[in-house]
1. Applying the selection to region 9-47, what residues are in a helix (DSSP H, G or I) and basic (Lys, Arg)?
2. Counting only residues that are touching a residue at least 60 places away in the same chain (Cβ under 8 Å) and closer than 15 Å to residue 260 by Cβ, how many does region 227-247 have?
3. Evaluate the following for residue 46: is it under 27 Å from residue 224 (Cβ atoms), within 16 Å of ligand 2 (Cβ to nearest atom) and of a type in the set (A, V, I, L, M)?
4. Which of the numbered conditions does residue 251 fail, given that it passes all the others? Conditions: (1) more than 14 Å from ligand 1 (Cβ to nearest atom); (2) assigned to a loop (DSSP other than H, G, I, E, B); (3) surrounded by 13 or more Cβ atoms within 10 Å (Cβ to Cβ).
5. Does residue 69 satisfy being outside any loop (DSSP other than H, G, I, E, B), among the small types (Gly, Ala, Ser) and either within 21 Å of residue 16 (Cα to Cα) or without any contact (Cβ under 8 Å) to a residue 24 or more places away in the chain (or both)?
6. Which of (1) among the aromatic types (Phe, Trp, Tyr); (2) within 13 Å of ligand 1 (Cβ to nearest atom); (3) more than 19 Å from residue 22 (Cβ to Cβ) is the odd one out, the single condition residue 78 does not satisfy?
7. In the set 49, 26, which member is basic (Lys, Arg) and within 16 Å of the chain's Cα centre (by Cα)?
8. Look through 231, 273, 268 and report the one residue that is more than 26 Å from residue 29 (Cβ to Cβ), buried (at least 19 other Cβ atoms within 10 Å of the Cβ) and acidic (Asp, Glu).
Amino acid sequence: MRHLLNVSDLTTNEILRIFALSDDLKAKFRAGVREPLLPGRMMALLFEKQSLRTRVSFQSAMTHLGGSSMTLGDDVGFGKRESLADFTRVLSEMVDVIVMRTKKHQTVVDVASHAACSVINGLTDQSHPCQALADLFTIREHFGRLEGLKLAWVGDANNVARSLAMGCALLGVEFAVASPVGYDFDKPLLGKLKQKAPTSKFSATRDPLEAVRGAAAIYTDVWASMGQEAEQDKRRKDFADYQVTGKLMAAAGQGAVFMHCLPARRGEEVTDEVMDAPYSVVVEQAANRMHVQKGILAWLLGTQG
Ligand code: CP
Ligand code: NVA
């Protein structure tokens, strides 16, 4: 039994296997076929923060695969009625997979340590592996390859950025980050990148123009993530020079795509002009969440072969 808590839980070959499953299931879905690879399987979703894409893509994915899902709300009393261990041991006797979005990363780690079924991280303060996998799948679909491409992250080195940096490292994509002072990747993450992918290309700068030069994809995310609302005003000032504009996109060069995990705060980290430009692939990215979630579920709960 395997969990998916971080991108680094997967090897390069396992990611490519998930992509192959996702390719196949996406092609079939487009042809009107919903292949029931997981009949009778049950998925429980538990979210401590808001979600549109992660929740709906997982629920639709599981239904298309022939399984069912249930969203667990406040009424199950997670963290309130009984110990996390008791809650998890019982829940995991009744479902095949648990998808969780938690405030603290340690919570999904603790749940996974007690679960008798697979646990998938649907975003924590530290990582968002399912997002990063769908993003890399989107880049691969758009450019027909991953190896040798460059992705520029402009903004906060946050949960999504951390997962993407690891995914890029494992798949041969150069990762360049431009962030203000105080919003850099931490040393343990940089150490893990080196350890997991010693030859991967990573660079960090304060200058967005430098980061985007030669990049195939320019990616940004909100300046204040969920749970950081109190820092909103300070972050607006700190990130003022890190907005993705048409000018910044032009500096990346011909053919570069704009990416965002969504939801976006238009007018802050990105302009309307960029969000709505022909080079923006934000909707394709979101749509691919469902297809890649299928690949992840089929891999985790199927043969893993
Ligand atoms: N990108 C993403 O995870 O979206 P949600 O917060 O809507 O799930
Ligand atoms: N960094 C954002 C991503 C939302 C999908 C957050 O954590 O709120």
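1. So in region 9-47, the residues in a helix (DSSP H, G or I) come out as 9, 12-30.
Within region 9-47, 17, 26, 28, 30 qualify.
2. If we filter region 227-247 for residues that are touching a residue at least 60 places away in the same chain (Cβ under 8 Å), which is where we start, we get 227, 235, 239, 241-242, 244.
Right, trim to closer than 15 Å to residue 260 by Cβ and you get 239, 242, 244.
So the count comes out to 3.
3. Details: under 27 Å from residue 224 (Cβ atoms): yes; within 16 Å of ligand 2 (Cβ to nearest atom): no; of a type in the set (A, V, I, L, M): yes.
No; evaluated as a whole, the condition is false for this residue.
4. The failed condition is (2).
5. Numbers: outside any loop (DSSP other than H, G, I, E, B): yes; among the small types (Gly, Ala, Ser): yes; either within 21 Å of residue 16 (Cα to Cα) or without any contact (Cβ under 8 Å) to a residue 24 or more places away in the chain (or both): no.
No, not satisfied.
6. Every condition holds for residue 78 apart from (2).
7. Answer to the selection: 49.
8. Numbers: 231 fails: buried (at least 19 other Cβ atoms within 10 Å of the Cβ); 273 fails: buried (at least 19 other Cβ atoms within 10 Å of the Cβ).
268 is the lone residue from the list that is more than 26 Å from residue 29 (Cβ to Cβ), buried (at least 19 other Cβ atoms within 10 Å of the Cβ) and acidic (Asp, Glu).
The numbers here are math on the coordinates, done by the rules we state, and not lab data. A quick note: this is a predicted structure, and the numbers were derived from the prediction, not measured. A quick note on method: Cβ atoms are made from the backbone with ideal geometry, for glycine too, and the neighbour counts reach across all protein chains shown.
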